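Trainee: I'd like to ask some things about the structure below.
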Amino acid sequence: NSFEPCDFVLFGTKGDLARRKLLPSLYELEKANLMHADSKIIGVARNEISDSDYVAMVKENIEKFTKEALCEESWARFSAKLAYACVDMKDSKSYSALKTHAKAGRLMVCYFATPPSIFGDICRGLKTANLIHKNMRVVLEKPIGHDLASSKVINDQVAEYFDETQIYRIDHYLGKETVLNLIALRFANSIFATNWDHNCIDHVQISVAESVGIEGRWGYFDEAGQMRDMVQNHLLQILTLIAMEPPANLDADSIRDEKLKVLKSLRPINSSNIRQNTVRGQYVGGFVKGKEVPGYLDEPDANVSSKTETFVAIKVELDNWRWAGVPFYLRTGKRLPGKTSEVVIFFKRQPHNLFKDSFPLLPANKLTIRLQPDEGVEVTVMNKVPGLTGTGSMDLQKSRLNLSFSDTFKGERIADAYEKLLLEVMLGNQALFVRRDEVEAAWKWVDGILAAWRSSNEPPEPYQAGTWGPTESIALMARENRSWYESR
Ligand code: BG6
């Protein structure tokens, strides 16, 4: 894989994702000298605007959504790459506007930052304008459909024009440094690699908590709910990286083959076991970080009878050799106390306690991987408290081996996930993108849960904004003599 100049065509350039994430990330790549000098970025939307107005709009976004002040030198290089094409994405005839920009035969990356319902229209338009060629990659944003059947329709539409090696399905969690670090941690450290199974691990917790609510996206979110918005993609992808077998190498398909096997091992959840294994919640008004916030049903544009979940907790079991009997507990929600994503691996207790006198119940070791914020890795260990004690007894204390990324990699900027992923697309590496069979296996499992919830017809459990979700979520763990880990 090497750098080659490319035409980066950004469909939906005026949308939220493009403005907040994609354009600022491309600019950061430019700043880091990771854009080829001859590359072009062509924004596509429906409105008639001049190139210079487009450049002004992009500048405004970058100033708003990047942390540091604009670097004039980088901006000068970046803005020289920008162009705009006015295309009605549903009208195939209008794609000819792109022809003046795309140089024949050179690498073209088309990013579909649009609703998936028009992915097919975009492909058709590109075809009509005779713009499709072999040296082309398309990037698809989530959600790919709202269930297995609709995801197949979208994937089929795109597959009519592009083959799987040209399709990059984004799950931005796969671009996060700490999520990628799961692979390094597991496979570059024998201390973990050799202790990573049902013999040593009691259970795993994956929490992705957000303090934000719906952020003006009520229409989209109410159709999706937390299960489709977060679990089907982000949480399951984290789970696959924790649970997968060692891949043969780091090639895209070696990794994705192993992730697929995990998704295929997910034990189905259906009407017969939905109550024991899942909790769905919906927030009511409360206080988050000291600020009063409305309930889900009181948000602007809300349909007051909505039963959509804003919180999900699930006990996941994997029917495979490595993880037999080791539950993975997933938890994710909006309007929780803070934005924290963590994976916690609970190791098994020692078979025999030599330290009963000072510690009747010896705590198990825990490995905490802080995905965000305050990124880092922490292991709890039992330690002798220094000091003189008689008759061979020992005082023990639980201590932490804490690797904080900000201390260890001082001065190192943690790149946004989209920077990493856009770079990988331009380099042609599919390892951090989700293959079609993965998306489908994930939907198949999620569909079972959604169907069981639908047929039970029970409303979600209310929880107060600013808390860790409904009490039923605590009960899900308590039933098995476990509890959710709350680090901060
Ligand atoms: C998106 C979801 O995919 O991920 C949002 O649609 C969610 O609802 C977001 O807020 C969380 O991403 P991050 O990177 O802020 O954890």
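The values are calculated or read from the model by the stated rules, or taken from the named source; none is laboratory data. Just so you know, these numbers come straight off a predicted model, no measurement behind them. Reconstructed Cβ throughout: ideal geometry from the backbone, glycine too, with neighbour counts over all protein chains shown.
Trainee: Hey, among the residues in region 19-54 that are of a type in the set (S, T, N, Q) and loosely packed, with under 14 Cβ neighbours inside 10 Å, which one's nearest to Gly428 (Cα to Cα)? Break it down stepwise before answering.
Mentor: Residues of region 19-54 that are of a type in the set (S, T, N, Q), as a first pass: 25, 33, 39, 47, 50, 52.
Checking which are loosely packed, with under 14 Cβ neighbours inside 10 Å leaves us with 33, 47, 50, 52.
On the way: Asn33: 18, Asn47: 31, Ser50: 31, Ser52: 31 Å.
Top of the filtered list is Asn33.
Trainee: Hey, another quick one. Taking the condition surrounded by fewer than 18 Cβ atoms within 10 Å (Cβ to Cβ), modelled with pLDDT of 90 or more, closer than 30 Å to Ala252 by Cα and polar (S, T, N, Q), does Asn429 pass? Before the answer, list the steps.
Mentor: Details: surrounded by fewer than 18 Cβ atoms within 10 Å (Cβ to Cβ): yes; modelled with pLDDT of 90 or more: yes; closer than 30 Å to Ala252 by Cα: yes; polar (S, T, N, Q): yes.
Yes: the conditions hold for Asn429.
Trainee: If you don't mind, there's one more thing I want to ask. Could you tell me which residue of region 170-188 is nearest to the ligand (Cβ to nearest atom), considering only residues that are over 26 Å from Phe119 (Cβ atoms) and aliphatic (A, V, I, L, M)?
Mentor: Filtering region 170-188 down to residues over 26 Å from Phe119 (Cβ atoms) leaves 177-178, 180-188.
With the extra rule that they be aliphatic (A, V, I, L, M), the set shrinks to 180, 182-185, 188.
Working: Leu180: 14, Leu182: 15, Ile183: 19, Ala184: 20, Leu185: 20, Ala188: 25 Å.
So the residue we want is Leu180.
Trainee: Do the conditions hold for Leu450, that is, is it hydrophobic (A, V, I, L, M, F, W, C) and buried (at least 21 other Cβ atoms within 10 Å of the Cβ)?
Mentor: On the way: hydrophobic (A, V, I, L, M, F, W, C): yes; buried (at least 21 other Cβ atoms within 10 Å of the Cβ): no.
No, not satisfied.
Trainee: Being touching a Phe, Trp or Tyr at 6+ places or on another chain (Cβ under 8 Å), among the hydroxyl-bearing types (Ser, Thr, Tyr) and over 21 Å from Leu182 (Cβ atoms) is true for just one of Thr308, Thr368, Thr332. Which residue is that? Walk me through how you get there before you give the answer.
Mentor: On the way: Thr368 fails: over 21 Å from Leu182 (Cβ atoms); Thr332 fails: over 21 Å from Leu182 (Cβ atoms).
That would be Thr308, the only listed residue that is touching a Phe, Trp or Tyr at 6+ places or on another chain (Cβ under 8 Å), among the hydroxyl-bearing types (Ser, Thr, Tyr) and over 21 Å from Leu182 (Cβ atoms).
Trainee: Okay, moving on. Given the criteria buried (at least 22 other Cβ atoms within 10 Å of the Cβ) and either at pLDDT below 95 or touching a Lys or Arg at 6+ places or on another chain (Cβ under 8 Å) (or both), does Cys86 qualify? Let's see the steps before the verdict.
Mentor: Values: buried (at least 22 other Cβ atoms within 10 Å of the Cβ): no; either at pLDDT below 95 or touching a Lys or Arg at 6+ places or on another chain (Cβ under 8 Å) (or both): yes.
So Cys86 fails the test.
Trainee: Here is a further query. Spot the failing condition for Ala209; the list is (1) more than 27 Å from Ala364 (Cα to Cα); (2) in contact with a Pro (Cβ under 9 Å, 6 or more places away or on another chain), and only one is missed.
Mentor: (1)
Trainee: Checking the condition away from the ligand (no atom under 16 Å from the Cβ) and crowded, with 17+ Cβ neighbours inside 10 Å, which residue from Ile191, Ile167 passes?
Mentor: Working: Ile191 fails: crowded, with 17+ Cβ neighbours inside 10 Å.
From the options Ile191, Ile167, the qualifying one is Ile167.
Trainee: Considering only residues of region 205-264 that are in a loop (DSSP other than H, G, I, E, B) and among the β-branched types (Val, Ile, Thr), which is nearest to the ligand (Cβ to nearest atom)? Talk me through it step by step, then tell me what you get.
Mentor: So the first thing to find is which residues in region 205-264 are in a loop (DSSP other than H, G, I, E, B), and the list is 210-217, 244-251.
Now restrict to residues that are among the β-branched types (Val, Ile, Thr): 212, 214.
Numbers: Val212: 6, Ile214: 8 Å.
Among residues in region 205-264 that are in a loop (DSSP other than H, G, I, E, B) and among the β-branched types (Val, Ile, Thr), the one nearest to the ligand (Cβ to nearest atom) is Val212.
Trainee: I'm trying to understand the selection: among the residues of region 8-39, which are among the polar types (S, T, N, Q) and in contact with a strand residue (DSSP E or B) (Cβ under 6 Å, 6 or more places away or on another chain)?
Mentor: Listed by number, the list holds a single entry, Thr13.
Trainee: So, one more: Given the conditions (1) part of a helix (DSSP H, G or I); (2) more than 21 Å from the chain's Cα centre (by Cα), report the number of the one that Glu48 does not fulfil.
Mentor: Failing condition for Glu48: (1).
Trainee: Say we look at region 303-341 and pick out the residues that are assigned to a loop (DSSP other than H, G, I, E, B) and among the hydrophobic types (A, V, I, L, M, F, W, C); which of these is nearest to the ligand (Cβ to nearest atom)? Lay out the reasoning, then the answer.
Mentor: From region 303-341, those assigned to a loop (DSSP other than H, G, I, E, B) are 303-310, 317, 319-327, 334-339; that's our starting set.
Among the residues that remain, those that are also among the hydrophobic types (A, V, I, L, M, F, W, C) are: 304, 321, 323-324, 326, 336.
On the way: Val304: 21, Trp321: 32, Trp323: 25, Ala324: 31, Val326: 26, Leu336: 12 Å.
Residue satisfying both the conditions and the ranking: Leu336.
Trainee: Go through region 364-382 and count every residue that is away from the ligand (no atom under 16 Å from the Cβ) and surrounded by 14 or more Cβ atoms within 10 Å (Cβ to Cβ).
Mentor: First, pick out the residues of region 364-382 that are away from the ligand (no atom under 16 Å from the Cβ): 364-368, 376-382.
Keeping just the survivors that are surrounded by 14 or more Cβ atoms within 10 Å (Cβ to Cβ) gives 364-368, 376-380, 382.
The number of residues fulfilling the criteria is 11.
This table checks each residue for (1) within 22 Å of Glu141 (Cβ to Cβ); (2) more than 31 Å from the chain's Cα centre (by Cα); (3) without any contact (Cβ under 8 Å) to a residue 60 or more places away in the chain.
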{"position": "Leu26", "(1), (2), (3)": "yes, no, no"}
{"position": "Tyr54", "(1), (2), (3)": "yes, no, yes"}
{"position": "Thr66", "(1), (2), (3)": "yes, no, yes"}
{"position": "Glu73", "(1), (2), (3)": "no, yes, yes"}
{"position": "Lys99", "(1), (2), (3)": "no, yes, yes"}
{"position": "Ala102", "(1), (2), (3)": "yes, yes, no"}
{"position": "Val109", "(1), (2), (3)": "yes, no, no"}
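Trainee: Suppose we filter region 468-481 for residues that are out of contact with any helix residue (DSSP H, G or I) (no Cβ under 9 Å at 6 or more places or on another chain) and either free of Cβ contacts under 8 Å to residues at least 12 places away in the same chain or surrounded by fewer than 19 Cβ atoms within 10 Å (Cβ to Cβ) (or both); how many remain?
Mentor: Start the filter on region 468-481 by keeping residues that are out of contact with any helix residue (DSSP H, G or I) (no Cβ under 9 Å at 6 or more places or on another chain), which leaves 469-475, 477-478, 480-481.
Subset that is either free of Cβ contacts under 8 Å to residues at least 12 places away in the same chain or surrounded by fewer than 19 Cβ atoms within 10 Å (Cβ to Cβ) (or both): 471-472, 474-475, 478, 480-481.
Here the count works out to 7.
Trainee: I'd like to check something: does region 35-46 contain any residue that is under 30 Å from Ser150 (Cα atoms) and among the small types (Gly, Ala, Ser)?
Mentor: Narrowing region 35-46 to residues under 30 Å from Ser150 (Cα atoms): 42-46.
After this cut, where a residue has to be among the small types (Gly, Ala, Ser) as well, the list is 43, 45.
There is at least one residue in region 35-46 that is under 30 Å from Ser150 (Cα atoms) and among the small types (Gly, Ala, Ser).
Trainee: Still on this model: Would you mind stating whether Gly125 is modelled with pLDDT under 95 and either in contact with a helix residue (DSSP H, G or I) (Cβ under 6 Å, 6 or more places away or on another chain) or at positive phi (or both)? Can you show your working first?
Mentor: Numbers: modelled with pLDDT under 95: no; either in contact with a helix residue (DSSP H, G or I) (Cβ under 6 Å, 6 or more places away or on another chain) or at positive phi (or both): yes.
The answer is no for Gly125.
Trainee: Shifting gears a bit: Would you confirm, using the coordinates I've provided, whether Pro462 is at pLDDT 95 or above, more than 24 Å from the chain's Cα centre (by Cα) and surrounded by 14 or more Cβ atoms within 10 Å (Cβ to Cβ)? Step through it out loud before you land on a result.
Mentor: On the way: at pLDDT 95 or above: yes; more than 24 Å from the chain's Cα centre (by Cα): yes; surrounded by 14 or more Cβ atoms within 10 Å (Cβ to Cβ): yes.
Yes, satisfied.
Trainee: Any residue that is within 16 Å of the ligand (Cβ to nearest atom), among the β-branched types (Val, Ile, Thr) and either surrounded by fewer than 19 Cβ atoms within 10 Å (Cβ to Cβ) or closer than 19 Å to Val204 by Cβ (or both) - is there at least one of those in region 401-421?
Mentor: Yes, region 401-421 contains at least one residue that is within 16 Å of the ligand (Cβ to nearest atom), among the β-branched types (Val, Ile, Thr) and either surrounded by fewer than 19 Cβ atoms within 10 Å (Cβ to Cβ) or closer than 19 Å to Val204 by Cβ (or both).
Trainee: Taking region 339-380, which residues are touching a Leu at 6+ places or on another chain (Cβ under 6 Å) and free of Cβ contacts under 8 Å to residues at least 24 places away in the same chain?
Mentor: Listed by number, the residues that qualify are Gln350, Asn353, Val379.
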